[in-house]
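To start, the structure itself, in structure tokens.
Throughout, read-outs are computed from the coordinates displayed, never taken from laboratory work. For clarity, every value in this text was computed on a predicted model and none was experimentally measured. All Cβ positions, even for glycine, are placed from backbone atoms using ideal geometry, and neighbour counts span all protein chains on display.
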């Protein structure tokens, strides 16, 4: 099992950037004591058109956005715990980043694309952690 499954069907992000993102997530997971042997998430890179379609279909907003995340393991108040699943795979969620908007924001904030995309994925990883703690 891989801790982070990277999906980049259109080759929008360079391999060196993907490697940096994986290292960043592994470092954050280690710092937060996340067991990467049983935890998984996906990180997808899409175009402005693709993220607008996802935003419209799942959030009812027909505009592009920089990042969308879907938490898969958030706890709901009064939810009953399922006994025996403690060591099962913990799928924490999916992060979808719009590469076009990440480039625009990097230029607007006058920093690198790697810094911008790193911030976007790191922020959503921590949102997942808050939801499962």
Exposure-ranked with fewest Cβ neighbours within 10 Å first, 27, 98 stand as 27, 98
The extension gain from residue 15 to residue 35, computed as 0.36 nm times the residue separation minus the Cα-Cα distance, is 4.7 nm
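For residue 26 and residue 111, compute 0.36 nm times the residue count separating them, minus their Cα-Cα distance, and round to one decimal in nm.
Numbers: separation 85, 0.36 × 85 = 30.60 nm, distance 2.30 nm.
Going from the current span to full extension adds 28.3 nm.
Of all beta bridges DSSP finds with both residues in the chain, what is the antiparallel percent, to the nearest 5? Kindly include the intermediate steps, with their values, before the conclusion.
Values: 5 of 17 bridges.
That works out to approximately 30 percent antiparallel.
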Helix 15-31: inclination vs the chain longest Cα principal axis, degrees, rounded to 10, gives 30
Averaging 1/r across every pair of distinct alpha carbons in the chain and inverting yields a Kirkwood hydrodynamic radius, in angstrom, of 15.7
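Using the count of nearby Cβ atoms within 10 Å as a rough guide to exposure, how do 89, 68 rank from fewest to most? Show your work: numbers first, answer last.
Working: 89 11, 68 19.
Fewest-to-most Cβ neighbours within 10 Å comes out as 89, 68.
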Within segment 23-56, the residues whose backbone N lies under 17 Å from a label point placed 7 Å from the Cα of residue 2 along the Cα-to-Cβ direction are 23-27, 36-46
Relative to the chain, whose Cα atoms define the longest principal axis, helix 113-132 and its Cα axis are tilted in degrees, nearest 10, by 20
